[in-house]
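Chemist: Below you will find the structure I want to go over with you.
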Amino acid sequence: MSVMKTGSSSTLDIIAGVQTVLANIKGQLPPELQINALSDQSIFVRSAIDGVVREALIAAASPPS
(Lines give C-alpha, C1' and ligand atoms only; values in the text may rest on other atoms or scores of the structure.)
Protein backbone atom coordinates (compact mmCIF):
# COMPACT_ATOMS: atom_id res chain seq x y z
CA MET A 1 0.00 0.00 0.00
CA SER A 2 1.31 3.46 -0.86
CA VAL A 3 0.57 6.56 1.17
CA MET A 4 0.77 9.78 -0.83
CA LYS A 5 0.90 13.27 0.68
CA THR A 6 -1.50 15.85 -0.71
CA GLY A 7 -2.40 19.37 0.28
CA SER A 8 -0.77 21.28 3.07
CA SER A 9 -0.30 18.35 5.44
CA SER A 10 3.18 17.90 6.88
CA THR A 11 5.14 14.87 5.65
CA LEU A 12 6.40 14.35 9.18
CA ASP A 13 2.86 14.45 10.61
CA ILE A 14 1.65 11.97 8.01
CA ILE A 15 4.44 9.47 8.65
CA ALA A 16 3.90 9.74 12.42
CA GLY A 17 0.20 9.01 11.91
CA VAL A 18 0.91 6.05 9.63
CA GLN A 19 3.41 4.61 12.11
CA THR A 20 0.85 4.95 14.93
CA VAL A 21 -1.85 3.20 12.91
CA LEU A 22 0.55 0.43 11.86
CA ALA A 23 1.58 -0.15 15.48
CA ASN A 24 -2.09 -0.59 16.41
CA ILE A 25 -2.74 -2.90 13.47
CA LYS A 26 0.35 -5.04 14.13
CA GLY A 27 -0.95 -5.83 17.61
CA GLN A 28 -4.07 -7.38 16.09
CA LEU A 29 -2.29 -9.51 13.48
CA PRO A 30 -0.59 -12.88 13.81
CA PRO A 31 3.09 -12.53 14.82
CA GLU A 32 4.12 -14.45 11.67
CA LEU A 33 2.86 -11.61 9.49
CA GLN A 34 5.57 -9.07 8.81
CA ILE A 35 4.89 -5.47 7.83
CA ASN A 36 7.89 -3.56 6.49
CA ALA A 37 8.25 -0.04 5.14
CA LEU A 38 9.79 -0.07 1.69
CA SER A 39 10.37 3.67 1.49
CA ASP A 40 10.14 6.57 3.93
CA GLN A 41 10.46 10.05 2.44
CA SER A 42 10.38 11.63 5.91
CA ILE A 43 14.06 10.69 6.23
CA PHE A 44 14.87 13.16 3.46
CA VAL A 45 12.58 15.82 4.92
CA ARG A 46 14.23 15.52 8.34
CA SER A 47 17.67 15.71 6.72
CA ALA A 48 16.70 18.85 4.79
CA ILE A 49 15.36 20.49 7.97
CA ASP A 50 18.54 19.59 9.85
CA GLY A 51 20.61 21.12 7.03
CA VAL A 52 18.66 24.37 7.08
CA VAL A 53 18.94 24.64 10.87
CA ARG A 54 22.69 23.89 10.74
CA GLU A 55 23.27 26.55 8.06
CA ALA A 56 21.17 29.09 9.98
CA LEU A 57 23.26 28.49 13.10
CA ILE A 58 26.48 28.87 11.12
CA ALA A 59 25.24 32.10 9.55
CA ALA A 60 24.12 33.46 12.93
CA ALA A 61 27.47 32.62 14.55
CA SER A 62 29.63 34.02 11.73
CA PRO A 63 30.91 37.58 12.07
CA PRO A 64 29.62 39.99 9.42
CA SER A 65 32.01 40.49 6.53
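The values are calculated or read from the model by the stated rules, or taken from the named source; none is laboratory data. Values in this document were obtained by computation on a predicted structure and should not be read as measured data. Counting neighbours? That spans all protein chains shown, and the Cβs are built from the backbone with ideal geometry, glycine included. Remember, those area values only see protein heavy atoms, side chains included, never the ligands or the DNA or RNA. Shrake-Rupley method; radii C 1.70, N 1.55, O 1.52, S 1.80 Å.
Chemist: List pairs: first residue in the stretch 38-57 and in contact (Cβ under 8 Å) with a residue 24 or more places away in the chain and open to solvent by less than 100 Å² (accessible area, probe 1.4 Å), second residue assigned to a helix (DSSP H, G or I) and hydroxyl-bearing (Ser, Thr, Tyr) anywhere in the structure, Cβ distance under 7 angstrom, at least six positions apart or on different chains.
Modeler: Note: pairs meeting the criteria are 42/11; 45/11.
Chemist: How about the stretch 3-37: which of its residues are of a type outside the set (A, V, I, L, M), assigned to a loop (DSSP other than H, G, I, E, B) and open to solvent by less than 100 Å² (accessible area, probe 1.4 Å)?
Modeler: Just the residues of the stretch 3-37 that are of a type outside the set (A, V, I, L, M), to begin with: 5-11, 13, 17, 19-20, 24, 26-28, 30-32, 34, 36.
Next, only the ones that are assigned to a loop (DSSP other than H, G, I, E, B) stay: 5-10, 27-28, 30-32, 34, 36.
Residues satisfying the conditions are 5, 7, 9, 10, 27, 30.
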